[in-house]
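Notes follow once the structure below has been shown.
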Ligand SMILES: [Zn+2]
């Protein structure tokens, strides 16, 4: 379980939370908003662990009974709301929150509730929660996390302190992956670049065999397509079409490759390239391809993506795309 000091980025939120803890002026309801992989769970856990820590500092001590209990997921005053179905219903909110909150904390001055993916609450459930957070017992703190806050009722939103998570700079994520996770340089670079500033997603990429494989397949294709025979091109069509579940990720990677080539052709700058470890190949492609050709490829790629979504003639569109890529 992460402590505040282990979290990369999100300084504003951490600062806000630690200030509140220092002054013992925590709000009754917080809403963490951010995409999957942005760090909502880490922040919620670090906050709960610190608030419940017997030492009362702005970082959890990690040694007291309370810290040990939070770490093992057994703190009686840290209640994680469990969702067993696709939605979180009013029954669950009544049982796990509204009636439970009437019971005083067992061992700490506070009782913390965490509702992850709060947008999964039905409207009825949100209204039930609203009643509780409108008049909460003094010791109660509610932590909600969402990836899309517009799915919450305005009345619920207005009761919460909104804490939006922000993307973290690629360089920081790369450094973190290399130093704390032992990820090799080139992989740390790609994983960080493709993560869109989401540390959790970057870690997932760096540890995923599939991502490494996909990147290798795509690089092989874009680098060698000009030398391939028609038969080899068709083999590639089959290879990608056969992996339909991950076809979207392949297309995205191909698209990012050609964006790099376009960017390099236009600016001759290495900064901002996602495939900077393949600079020689990027530069070569930028040299021999025209802007029209690159634009054509990007358009063809968009079309294949559309067809993939609509589930029609995917293989044909893919074939056309690869032929476009081959024809310089
Ligand atoms: Zn402690």
*Which of (1) farther than 20 Å from residue 260 by Cα; (2) out of contact with any helix residue (DSSP H, G or I) (no Cβ under 6 Å at 6 or more places or on another chain) does residue 237 not meet, given it meets every other one?*
(2)
*residue 179 being within 30 Å of residue 106 (Cα to Cα), within 21 Å of the chain's Cα centre (by Cα) and either surrounded by 17 or more Cβ atoms within 10 Å (Cβ to Cβ) or at pLDDT below 95 (or both)*: no
_Leading residue by the ranking (nearest to residue 26 (Cα to Cα)) among those in segment 56-69 that are near the ligand (Cβ under 8 Å from one of its atoms) and surrounded by 14 or more Cβ atoms within 10 Å (Cβ to Cβ)_ = 60
*Hits in segment 38-56 - residues which are in a loop (DSSP other than H, G, I, E, B), in contact (Cβ under 8 Å) with a residue 12 or more places away in the chain and more than 19 Å from residue 166 (Cβ to Cβ)*: 53, 54
*Could you say whether any residue in segment 78-86 is within 16 Å of the ligand (Cβ to nearest atom), in a loop (DSSP other than H, G, I, E, B) and free of Cβ contacts under 8 Å to residues at least 12 places away in the same chain?*
no
*If you go through segment 40-47 one residue at a time, do you hit one that is at negative phi, within 13 Å of the ligand (Cβ to nearest atom) and modelled with pLDDT of 95 or more?*
yes
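Report, by residue number, each residue of segment 1-16 that is part of a helix (DSSP H, G or I), buried (at least 18 other Cβ atoms within 10 Å of the Cβ) and touching a residue at least 60 places away in the same chain (Cβ under 8 Å). Outline the logic, then answer.
Of segment 1-16, the ones part of a helix (DSSP H, G or I) are 4-6, 11-16.
From the residues that got through so far, the ones that are buried (at least 18 other Cβ atoms within 10 Å of the Cβ) too are 4, 13-14.
Of everything in segment 1-16, just one residue is part of a helix (DSSP H, G or I), buried (at least 18 other Cβ atoms within 10 Å of the Cβ) and touching a residue at least 60 places away in the same chain (Cβ under 8 Å), namely 13.
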_Checking residue 116 against (1) more than 16 Å from the ligand (Cβ to nearest atom); (2) touching a residue at least 12 places away in the same chain (Cβ under 8 Å); (3) exposed (fewer than 14 other Cβ atoms within 10 Å of the Cβ), only one condition comes out false. Which one?_
(3)
*Which helices (runs of 4 or more DSSP H) sit wholly inside segment 256-328 and have at least 3 residues that are over 28 Å from residue 195 (Cβ atoms)?*
291-310, 314-326
_Boolean, residue 66 is in contact with a helix residue (DSSP H, G or I) (Cβ under 6 Å, 6 or more places away or on another chain) and not in a loop (DSSP other than H, G, I, E, B)_ = yes
*Single condition residue 23 does not satisfy, out of (1) more than 23 Å from residue 72 (Cα to Cα); (2) touching a residue at least 24 places away in the same chain (Cβ under 8 Å)*: (2)
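Going by the structure shown, is residue 251 within 22 Å of residue 187 (Cβ to Cβ), outside the structural domain of residue 183 (by TED's automatic domain parsing), surrounded by fewer than 19 Cβ atoms within 10 Å (Cβ to Cβ) and touching a residue at least 24 places away in the same chain (Cβ under 8 Å)?
no
The values are calculated or read from the model by the stated rules, or taken from the named source; none is laboratory data. Keep in mind that this is a model prediction, so the values were computed, not measured. Neighbour counts run over all protein chains shown; Cβ positions are idealised from the backbone, glycine included.
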